[in-house]
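Visitor: One structure follows; several queries about it will come next.
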Amino acid sequence: MKVDYDKRADVLYITFRSHSGKCKYLENGRGQIIRVDALTAEIVGCTIPMFSRRVANGELDIPEIGDAGSTEAISELLHHI
């Protein structure tokens, strides 16, 4: 798993695994963008805009997860954000 934060844009990028080169972007209804590999249909990451504001307002509940690359861990994380 790779996590990048763009302080100027206040955007958190979480990458769970590499992708085939092409991604589809899906908005999850809570303001986050889910990145899905276009060839395998696997979730490869998510983008959280306005990250610091959401954390300060208690809008995000990010759980501790064990094997960050596992499908179960990714599902658990996406359920909470």
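Every number in this text was worked out from the coordinates using simple rules, so none of it is lab data. None of the values given here were measured: they were computed from a predicted structure. Methodologically, a virtual Cβ is constructed for each residue, glycine included, from the backbone with ideal geometry; neighbour enumeration extends over all protein chains shown.
Visitor: Could you tell me how many of the residues in region 26-43 are over 14 Å from R54 (Cβ atoms), within 12 Å of the chain's Cα centre (by Cα) and surrounded by 12 or more Cβ atoms within 10 Å (Cβ to Cβ)? Full working, then the answer.
Guide: Filtering region 26-43 down to residues over 14 Å from R54 (Cβ atoms) leaves 26-27, 29, 34-43.
Next, only the ones that are within 12 Å of the chain's Cα centre (by Cα) stay: 26-27, 34-36, 43.
Retained after the next criterion (residues that are surrounded by 12 or more Cβ atoms within 10 Å (Cβ to Cβ)): 26, 34-36, 43.
Summing the residues that are over 14 Å from R54 (Cβ atoms), within 12 Å of the chain's Cα centre (by Cα) and surrounded by 12 or more Cβ atoms within 10 Å (Cβ to Cβ) in region 26-43 gives 5.
Visitor: Name the residues in region 1-60 that are acidic (D, E), part of a strand (DSSP E or B) and in contact (Cβ under 8 Å) with a residue 12 or more places away in the chain, would you?
Guide: Here is the first cut: in region 1-60, the ones acidic (D, E) are 4, 6, 10, 27, 37, 42, 59.
Going one step further and asking which of them are part of a strand (DSSP E or B), we end up with 4, 6, 27, 37.
Hit for region 1-60 is D37, nothing else.
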